[in-house]
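A quick write-up on the structure given underneath.
The values are calculated or read from the model by the stated rules, or taken from the named source; none is laboratory data. Fair warning: this is a prediction, and the values are worked out from it, not measured in the lab. All Cβ positions, glycine included, derive from the backbone under ideal geometry; neighbour counts span all protein chains shown. When the accessible area is computed, the model is the full protein with side chains, heavy atoms only, and any ligands, DNA or RNA have been set aside. Shrake-Rupley method; radii C 1.70, N 1.55, O 1.52, S 1.80 Å.
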Amino acid sequence: MLEHLARKWSRKEKPTEAFELDVTGQIPKHVAVIMDGNGRWAKMRSLPRVAGHRAGMKTVKEIVKAADAIGIQYMTMYAFSTENWKRPREEVDFLMKLPQEFLSTELDELVERNVRICMVGSKDELPDHTLEALEKAEERTRDNTGLQLNFALNYGSRKEIVKAVAEIAARIQAGELEPEQLDEQVINRYLYTRDIPDPDLLIRTSGEIRLSNFMLWQLAYTELWFTDVLWPDFTQEHFYQAIAEYQGRARRYGAV
Ligand code: IPE
Ligand code: IPE
Ligand code: MG
């Protein structure tokens, strides 16, 4: 048993050469990713943390391509949490410039690929330049019908739930909604993810086994997959390995 587990782990860390995914198998509709480990990647190379974030941006590009290639419909990338404001000022400033930088080089190709870009998270605290870059990309890709690429930016699940509860309470107080009408669908409509199906698969890199305030409601029945690989080192092969393991999972949703 232990031996079996050990094999499983080493397989995750190092993809077998010439790994091939069975694309005729079940492909998750929505994959959410906690892109973690940029800072440690940079530290290992005696580089500033921001160098890790820049390297991580290249990984985003590669993984989006890999997802598109196998027909995944939604990707949600956790790029900045509501807790990440606690980081040093220079790092936060850099991270807030990344969407602009990413989109200035990638948007044309994403448009060509028919990708639709959406932001999930609170727009309130974002600097104008960050918001403008994202809204411009949302606007330009609004009618695209291919992969929907969601950036979770200034995203915090508890903040999202508090906002939903406050809006629902206001509607009840205004007599527009009865408490008896409340159900899971109604709550869904007040979340940032209102038009997005729940993730089928969650990937977190860098060896941390936690959710860090990401999609607590939406992940109720999501398959979780963790790897020690740091985000800048995460490749298309690692990604397909996660998908392959997902294909081997039995999703029961409480049934037998
Ligand atoms: C993930 O990498 C990117 C963000 C949270 C913005 P980190 O910056 O958290 O990298 P580590 O965890 O310090 O290695
Ligand atoms: C989660 O990573 C947030 C993002 C990847 C954007 P963190 O690095 O902020 O999470 P903790 O602090 O290790 O839980
Ligand atoms: Mg981290």
> Can you list the trypsin sites (Lys or Arg not before Pro) in the stretch 69-164 that are in a DSSP coil and have 14 or fewer other beta carbons within 10 angstrom?
Replying inline: LYS123, ARG142
> If a helix is a whole DSSP H run, which ones in the chain reach 20 Å or further along their own axis (Cα) and hold a mean Kyte-Doolittle hydropathy of at least -1.0?
Replying inline: 49-69, 89-112, 157-173
> How many Å² of accessible area per residue for the stretch 124-199, probe 1.4 Å?
Replying inline: 59 Å²
> With springs only between Cα atoms under 10 Å, which of GLU101, GLU184, GLU62 fluctuates most in a Gaussian network model of the chain?
Replying inline: GLU184
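Tell me the carbon and sulfur percent of the accessible area for the chain, rounded to whole percent, probe radius 1.4 Å.
Details: 7040 of 13820 Å².
Carbon and sulfur: 51 percent of the exposed surface of the chain.
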> When the label point is put 7 Å from the Cα of LYS86 along its Cα-to-beta-carbon vector, which residues of the stretch 134-158 have a backbone N closer than 18 Å?
Replying inline: 154-158
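Kindly provide the helix-only [θ] at 222 nm of the chain, computed as the sum of -39,500 (n - 2.57) over DSSP H runs of four or more divided by all residues, to the nearest 500 deg cm²/dmol?
On the way: 8 runs with 113 residues, N = 256.
Helix-only estimate at 222 nm: -14500 deg cm²/dmol.
Tell me the net charge near GLU90. Cut-off is 15 Å between Cβ atoms, GLU90 excluded, with +1 for each Lys or Arg and -1 for each Asp or Glu. Kindly include the intermediate steps, with their values, before the conclusion.
Details: positive: ARG49, ARG54, LYS86, ARG87, ARG89, LYS97; negative: GLU91, ASP93.
Its environment carries a net charge of +4.
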> Among LYS29/LYS58; LYS43/LYS86; LYS58/LYS97; LYS61/LYS97; LYS65/LYS123, which pairs are too far apart, with a Cα-Cα distance over 25 Å?
Replying inline: LYS65/LYS123
